Amino acid sequence: MIKFLILVNKQGQTRLARYYEDRTDLSAEERTSQEADIVRKCLMRGEQQCSFLEYKGSKIVYRRYASLFFIIGADEEENELAILEFIHALVETMDRYFESVCELDIMSQLDKAHFIVDEMIVNGCILETNKNLALAPLAVLDK
Amino acid sequence: MAMRGLTQFIGDIRNCANKEDERKRVDKEMANIRKHFKEATKLTPYQKKKYVWKMLYIYVLGYEVDFGHMEALNLITAPGYSEKTVGYLACVLLLSETNEFLRLIINSTKNDLMSANEEIQGLSLACVANVGGREFAETLTVDVQKLLFNPQARPQVKKKAALCMLRLLRKYPDNFAEDGIGGNQEQKDKLLDLLDDSSLGVITATMSLLLGLVSHNPELWPDSVNKCCKLLAKLNHPNASKEYGPEYVYYKTINPWLQVKVLRLLQYYPPPEREEVNKRLCEVLQRIISETSMGKNVNTNNSAHAVVFEAVNYVIHMETNQQLIHAAVNMLGQRITSGNQPNYRYLALDAMQRMSHIPEAAQQFKRHQETIIRSLKDNDVSLRRRSLDVLYSMCDSNNSEQVVGELLDYLAGSDFSIREELVLRVAILAERFSPNLQWYVDTILKLMSLAGDYVSDQVWMRVVQIVTNHEDLQLYAAETCFKALKNEAVHESMVKCGGYILGEFGHHIASKRETSAEEQFALLKDKFDSCDQNETKQLLLTAFIKLVNVHPDKVKERVVALLNHHTHTIDAELQQRAIEYLVLSRPDKESMLETVLDVMPNFPERENILTKKIKERERASTTDRTANQIKAGKGGEDDDEDAPTVDLSAGAAGSQTRPKGAGGGGAAPSSGGGGGGGGGGV
């Protein structure tokens, strides 16, 4: 299952974070420092290196879009390429909704961004990858 | 629905010049919110929403938010849809499963589940699916199940209900088993029928649910195999996109995520028994593996290959289909040499490592040995790790010298995080595939000189076990250790290892002048003075007294002087040994000395401590058991990795004797137990 999904920019600021496994042991500070740690590891890697890492027992799959890193941490079972493409599907869905999405959009309309994520991942499992269906409830919300 | 207050706040935060300012602004806002929440009843829903959103934003930024949970919960009970969204989201983000607040919303979620409005149902289902705990499971399972199996429910609701079920079942595992859904045939059939639903969203969600169920009790769901094969064939059929809708076609592959899940479920079961199902499955797999090529578009490639690699996993699981194995090996061979595609190289290396236990595949992978060795030196740490794994699996008696040589070179320049594991693996490989035992001793000694810090005690103790049990190796071991210890800067593990070996087997080389007893004593005394750890000193004391036993006239005075020196030392163990050995060295105790320090008996055959250590390090952190874990649980007895590879009993031809004194093997040594996992009597 997917353990977490975070969007962090190059300065280490988290723009969106969703955790799908119990994280009672992490305080807010530890959480942010862990997120920054992961981002630093991703930043250290070059363009030519692969998008997969290992961090504290989970697989990390990341993809960079302009200034934002989309990072997903998953357990050993998950298929890395599937997750990589899921990130892209998520970005395309956001793209369609926000009309050419950028970091600022996500920051200023955090509620919509969360909503989209919640339509596509539930309880750590990939649920809906059809862009129309994922965006449908959002249209209801906007009315 | 843009909340101006929120946008303003976000803008302010962005304009903050540094962390200090940001913190001040956040604190100010928190005080503001706290003030407003105190008069909670006077807030309009819009305002409540706004403040809760600000709170959430602060939380995502990384500050602790320890108030306002009640207001968030209250929003859930509000009638408006937008308020409910915020309320549920706040609960999911801020509260974790064990938080008591969560109990308060069980009732409101239950009401929302029954609501006529599907969006609201969806909201509450998602919330329970993401944070539901055991109490949720107890109260809500029946309701969720009703929603799932209701034929009139919209797909939107059904798919979330399926994932919600998964969470509830995980929290309350009894529901998985015979007395829950597992035993109820009617419910099982209904669940499997959901796989024929027209909406791929529902099918995807059901697959996830099914995967969870199967991983807990594979024996309860044998019918799922046929259904899955049918589904896979349907998805790969050229008409698939027309049937399920073009939206699901993601860069020319139809819903790769669903296909991956189906393939994963199939790995929990042996290949289908029915002939035609099996045949169709193999055809589909063959097409997937052989006909997917690398095109120009990254995303197309990725989505197609996601399915390919999962298919390869299934082929590895099946193990018997030669044609498929051949196809998979070809494909992997191509991917591993794809120069500028590091992702594929990574995955190909990973798949190769898992495939190398299949003999036909392993043979063909040898062709790529050079490429793998080159990847070992790649500047991408992930690739280096994978190639290390592959080399370890690929090593056999033919290429062991080369592989171990490469690994030792790599060790010299590797980063510290993997050194310990690397050392363990080299030690195991050296033992398992050594062309001769001398090479084994050399390799371990080289290992110690290269990465002494990471050589745990078990590694050199293993060397001792092997040397003890092979009489013909003892001379060589003593000579090599002596030479190695002559170096100035020697690592402490080397001192321990060499000290023990010289003590026990030094008599083999004592006849030569350069390595006489006096020389051995001088050498060890030198190290004794310069070593740090007390354990080393203790070990060396035992070695000294063994020297006295063998060559009483030559070294006794000096050893006694040394022992006298340490009778008042601070370390208790050292002191005890010094005093005891002093007593033993007295002339009237000569026979006792001989008995006590008689030749060590051979070590019995037991599980190699090193392989045990490697297994301990492989942690499982998944919530469901993987297919491999289930297999490992069943087939544990067949696993022959445990069999000690160097036959410990091979060298035990009769009793070994020391030159002086008639030793009959098997007298108990002085301190420490005999034989076994740790080195005895050091």
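The values are calculated or read from the model by the stated rules, or taken from the named source; none is laboratory data. Values in this document were obtained by computation on a predicted structure and should not be read as measured data. As a convention, Cβ positions derive from the backbone with ideal geometry for all residues, glycine included, and neighbour counts pool all protein chains shown. Ligands, DNA and RNA are excluded from the accessible area calculation, which covers all protein heavy atoms including side chains. Shrake-Rupley method; radii C 1.70, N 1.55, O 1.52, S 1.80 Å.
In whole Å, what three semi-axes, largest first, describe the equivalent ellipsoid of the stretch B:311-442 built from its Cα gyration tensor (square root of 5 times each eigenvalue)? Display every interim value, and only then the final one.
Values: eigenvalues 128, 69, 26 Å².
The three semi-axes for the stretch B:311-442 are 25, 19, 11 Å.
Of the accessible area of chain B, with the probe set at 1.4 angstrom, what percent is carbon plus sulfur? Walk me through the numbers on the way to the answer.
Values: 14270 of 29470 Å².
So the carbon and sulfur contribution to the accessible surface is 48 percent.
If I fit a long axis through the Cα atoms of helix B:534-550 and take the longest principal axis of the Cα atoms of chain B, what angle between them do I get, 0 to 90°, rounded to 10?
30
Report, in deg cm²/dmol and to the nearest 500, the calculated mean residue ellipticity at 222 nm for the protein assembly as shown, where each DSSP H run with n ≥ 4 adds -39500 (n - 2.57) and the sum is divided by the residue count.
After summing the helix terms and dividing by the residues of the protein assembly as shown, the value is -19500 deg cm²/dmol.
Where does helix B:342-355 land angle-wise versus the long Cα axis of chain B, in degrees 0 to 90, nearest 10?
60
What does the structure give for B:501-514 when I average, per residue, the other chain Cβ atoms found within 10 Å of the residue Cβ?
Mean inter-chain Cβ contacts per residue within 10 Å come to 0.
Could you list which residues have their amide H under 5 Å from that of A:V122, counting only those 5 or more apart in sequence or on another chain, with H placed in the peptide plane?
Here A:L127 satisfy the definition.
Within 10 Å of each Cβ in peptide B:251-257, how many partner chain Cβ atoms are there on average? Round it to a whole number, please.
4
Which order do B:W439, B:W53 take by accessible area at a 1.4 Å probe, largest first?
Putting B:W439, B:W53 in descending order of accessible area: B:W439, B:W53.
Compute the label zone of B:T337 within the stretch B:360-385: residues whose backbone N is under 15 Å from the point 7 Å along Cα-to-Cβ.
B:364-375, by backbone N distance to the label point.
In degrees from 0 to 90, rounded to the nearest 10, what is the angle of the helix B:224-235 Cα long axis to the longest principal axis of chain B?
Value to nearest ten degrees: 70.
Which order do the peptides A:56-64, B:31-39, B:384-392 take when ranked by the mean count of other beta-carbon atoms within 10 Å per residue, highest first?
B:384-392, A:56-64, B:31-39
Considering every residue in A:81-92, what mean count of other chain Cβ atoms within 10 Å of its Cβ is obtained?
If you average over the peptide's residues, the count of other-chain Cβ atoms is 6.
Order A:D75, B:D598, most accessible first, counting only protein heavy atoms with a 1.4 angstrom probe.
B:D598, A:D75
What list of ³J(HN,Hα) couplings, whole Hz, do you get for the stretch A:3-9 from phi and the Karplus terms 6.51, -1.76, 1.60, once you set θ to phi - 60° and write x for glycine and proline?
Values per residue, Gly and Pro as x: 8, 7, 9, 10, 10, 10, 8 Hz.
Amide H neighbours of A:R15 under 5 Å, counting only residues 5+ apart in sequence or on other chains, H built in-plane at 1.01 Å?
Answer set, sorted by chain and number: A:L7, A:V8, A:N9.
What's the local net charge at A:E128, with K and R +1, D and E -1, over the other residues with C-beta under 11 Å away?
Taking every Cβ under 11 Å from that of A:E128, the sum is 0.
Quick one: how many Å² of B:K158 are accessible to a 1.4 Å probe, rounded to 10?
Near enough 20 Å² of accessible area.
Report ³J(HN,Hα) in whole Hz for each residue of the stretch B:315-320, in order, from the Karplus equation J = 6.51 cos²θ - 1.76 cosθ + 1.60 where θ = phi - 60°; Gly and Pro get x.
4, 4, 5, 5, 6, 10
So what J values fall out for the stretch B:291-305 if you push phi through Karplus, 6.51 cos²θ - 1.76 cosθ + 1.60 with θ = phi - 60°, rounded to Hz, Gly and Pro as x?
9, 8, 10, 8, x, 8, 7, 4, 5, 4, 4, 4, 5, 5, 6
Heavy-atom accessible area per residue, the stretch B:194-266, 1.4 Å probe: how many Å²?
Result: 32 Å² of accessible area for each residue.
Just to verify a number: what accessible area does A:K41 come out at with the full protein assembly present, 1.4 Å probe, Å² rounded to tens?
Counting only protein heavy atoms, A:K41 exposes about 80 Å² to solvent.
Non-local amide H neighbours of A:K3 (under 5 Å, H modeled in plane, Pro and chain starts lacking H): which ones?
It is A:G73, A:A74, A:D75, by chain and number.
Put a dot 7 Å past each Cα toward the Cβ at B:E118 and B:E243; how far apart are the dots in nm?
Each label point lies 7 Å from its Cα, and together they span 2.2 nm.
Among the GluC sites (Glu not before Pro) in the stretch B:190-296, which ones are in a DSSP loop with at most 14 other Cβ atoms within 10 Å of the Cβ? Mind listing them?
Taking the stretch B:190-296 and a limit of 14 other Cβ atoms within 10 Å, the loop GluC sites (Glu not before Pro) found are B:E273.
If I stretch the segment between B:R419 and B:R586 completely, what's the gain in nm (0.36 nm per residue apart, minus their alpha carbon distance), one decimal?
Between B:R419 and B:R586, full extension yields 55.5 nm more.
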